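Report on the following structure.
The values are calculated or read from the model by the stated rules, or taken from the named source; none is laboratory data. Since the model is a prediction, treat every value here as computed from it, not as a measurement. Note: ideal-geometry Cβ built from the backbone for every residue, glycine included; neighbour counts use all protein chains shown. Please note that ligands, DNA and RNA were not included when accessible areas were found on the heavy atoms of the full protein model with its side chains. Shrake-Rupley method; radii C 1.70, N 1.55, O 1.52, S 1.80 Å.
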2 protein chains.
Amino acid sequence: MAITVVGSVAFDSIETPAGRRERCLGGAATYFSLAACYFTNVRVIAVVGEDFGPEQQSVFDAHGIDTQGIERAAGKSFFWEGSYLENLNEAKTHATELNVFGAFQPKIPDAYRDSEFLFLANIDPVLQRRVREASPKARLVAGDTMNYWIKDHRDALKQVLKGLDILLINDTETRMLAGNSNLVKAARGVLDMGPRMLVVKHGEYGATAFYGKGHDGFGARTFRAPALPLEEVVDPTGAGDSFAGGFFGYLASQKELTPGAFRRAVFYGSVMGSFAVERFGTERLQQLSREEIDERFGMFRELTHLD
Amino acid sequence: MAITVVGSVAFDSIETPAGRRERCLGGAATYFSLAACYFTNVRVIAVVGEDFGPEQQSVFDAHGIDTQGIERAAGKSFFWEGSYLENLNEAKTHATELNVFGAFQPKIPDAYRDSEFLFLANIDPVLQRRVREASPKARLVAGDTMNYWIKDHRDALKQVLKGLDILLINDTETRMLAGNSNLVKAARGVLDMGPRMLVVKHGEYGATAFYGKGHDGFGARTFRAPALPLEEVVDPTGAGDSFAGGFFGYLASQKELTPGAFRRAVFYGSVMGSFAVERFGTERLQQLSREEIDERFGMFRELTHLD
């Protein structure tokens, strides 16, 4: 099944203990698409500026990602500059230039209308809701958000949560959203806001999927996947979006959304996140094969399974 | 097989968001023993003062823990006072009174000489080494340490590490001991110091077992167990020692130390840690049954296994 993803396509300048890269291709929708494309067809809705040229376009094309929904606007693309010099788990933002993204009004191409899977990456919840409402055929809708929207756009975000099947956020965001420092209680609080499933990403410690009440078809039981203990984290940028892409891409590739499929999806999310951080930007995600992905999936199983 | 454990038996005054308790029975050897006693026979070497009375003794007796090696000295027992009001993952120490523990000289009762399993809880590495050397029959030796010994008694600690099969410490201690902020590289560094296996405890995120080179019999592959996502952490005191007790107790109960036994031991460690934090002090560990323990082991499996 095809996935439509709406989110940012951007340029990132990144500094980590492993070095520095200027203006890599980045953005949540980019990481998500490149992770999900190994599992299913992906269609992107975004806006870019005149600095988005053939080099960037070719990355999407080479992976069969549908970019009809990427609007070209006058001006520059979204730009982010950050570093992880002291702490690989938390970016220090040096610059955020919204540029053409500031006036982003998502438009859904007609060719995307039959997408049954919809991913609302981290953007203004007002836009997330608009895309959700314009996608009546979407039968599974997942999304992401961040502290900024949780803190200052709570009402708009709550409207989005009512229309979400699955929310993917991190520990801090979960606690902030629910206003509870205990993760399990916070997860319950978030599930009461609407989503049928909450996937909490723990960074280097993996992820936990919590299920809302009465959603037995979703698996019904809390499930935890590890992250791979990595000897070298070159660049953590996009790990969460890559997790989301692997998770949702795998789900979209399944004929039936069984409890087992959700469990494997959490594993595949962790697998794609572990690849993403091995090189700068999307470099590693661009050069994967399904065989490598499944080999790492096997490593994750071996890492955590008793038998 | 019997385990001998050397470490502290103490009184703790603890404050957490769930309340306050004065002078609970505590100490690393106490938590370790109460966790391990559900799996195998446990023998304790420690020192206590005149404030250690029949009430405290009865806790050990009721669980069949051998206390011949607990010396009674004139004065007061080791006392610790701490709180977890802002952060359940890190204690704030308000008072540490070594009392009789300051002059502790471990003496191994003759009846303990045939113990094939030895656990060196977190005490002065000079004493750990002395007990190790006086236990030639120990065929599996595990131990713990803390930042204080790593920072200021590194040479003595390194001597201990050479005689250890298994070291159990947390993330921060692993990074500090190896002087490397990457956990995998730090684990390698620690394994180069002697232990054949390193179990890194991640608190609410579980634990990872790393194996030294050429120790295939030990399992040879990195293994990660989760912690149980808990709705209420009443008191985190002793969680790490309880982990060690469950881990080492289970190993000592096995006829053969197969790779699978080590994996299950990491799970049992996590299980016992999850019980310990459910009530103040050792309250929960005192009132367990093997059935409850195995039921929770099943929950851990379900939490992490794909099928």
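Things worth noting here:
- Selection count, region B:231-254, where residues are of a type in the set (Ser, Thr, Tyr) and open to solvent by 20 Å² or more (accessible area, probe 1.4 Å): 1
- Qualifying residues in region B:58-84 (those that are part of a loop (DSSP other than H, G, I, E, B) and over 23 Å from B:Met146 (Cα atoms)) - the one most open to solvent (accessible area, probe 1.4 Å): B:Lys76
- Residue match in region A:280-296 (condition: closer than 24 Å to A:Ala121 by Cα, within 14 Å of another protein chain (Cβ to nearest Cβ) and of a type outside the set (Gly, Ala, Ser)): no
- Residue check for A:Ala261: at the interface with chain B (Cβ under 8 Å from one of its Cβ atoms), of a type outside the set (Phe, Trp, Tyr) and either under 15 Å from B:Asp307 (Cβ atoms) or under 14 Å from the mean Cα position of the chain (by Cα) (or both): no
- Of all residues in region A:130-160, those that are under 17 Å from the mean Cα position of the chain (by Cα) and open to solvent by 40 Å² or more (accessible area, probe 1.4 Å) total 4.
- Residues of region A:102-113 that are in a helix (DSSP H, G or I) and of a type outside the set (Ser, Thr, Tyr): A:Gly102, A:Ala103, A:Asp110, A:Ala111.
- Leading residue by the ranking (modelled with the highest pLDDT) among those in region B:255-280 that are out of contact with any helix residue (DSSP H, G or I) (no Cβ under 9 Å at 6 or more places or on another chain) and buried (at least 16 other Cβ atoms within 10 Å of the Cβ): B:Phe280
- You will find that of B:Ala35, B:Ala46, the residue that is surrounded by 24 or more Cβ atoms within 10 Å (Cβ to Cβ), among the hydrophobic types (A, V, I, L, M, F, W, C), in a helix (DSSP H, G or I) and in contact (Cβ under 8 Å) with a residue 40 or more places away in the chain is B:Ala35 and no other.
- Evaluation of A:Val160 against (1) under 20 Å from A:Val6 (Cα atoms); (2) not in a helix (DSSP H, G or I) (one fails), failing number: (2)
- When restricted to residues that are open to solvent by 10 Å² or more (accessible area, probe 1.4 Å) and part of a strand (DSSP E or B), region B:13-32 contains 8.
- Count - residues of region A:187-205 that are away from every other protein chain (no Cβ under 14 Å), touching a helix residue (DSSP H, G or I) at 6+ places or on another chain (Cβ under 8 Å) and not aliphatic (A, V, I, L, M): 3
- Count - residues of region A:184-213 that are open to solvent by 30 Å² or more (accessible area, probe 1.4 Å) and without any contact (Cβ under 8 Å) to a residue 24 or more places away in the chain: 5
- Identity of the residue in region B:85-101, at pLDDT below 95 and outside any strand (DSSP E or B), that ends up least open to solvent (accessible area, probe 1.4 Å): B:Ala91
- In region A:264-279, of all residues being small (Gly, Ala, Ser) and within 14 Å of chain B (Cβ to nearest Cβ), the one that is nearest to A:Ala35 (Cα to Cα) corresponds to A:Gly269.
- Members of region B:167-186 that are in a loop (DSSP other than H, G, I, E, B) and either at pLDDT 95 or above or away from chain A (no Cβ under 14 Å) (or both): B:Gly179
- Any hit, region B:140-160, residues being touching a Gly at 6+ places or on another chain (Cβ under 8 Å) and either within 14 Å of another protein chain (Cβ to nearest Cβ) or at pLDDT below 95 (or both): no
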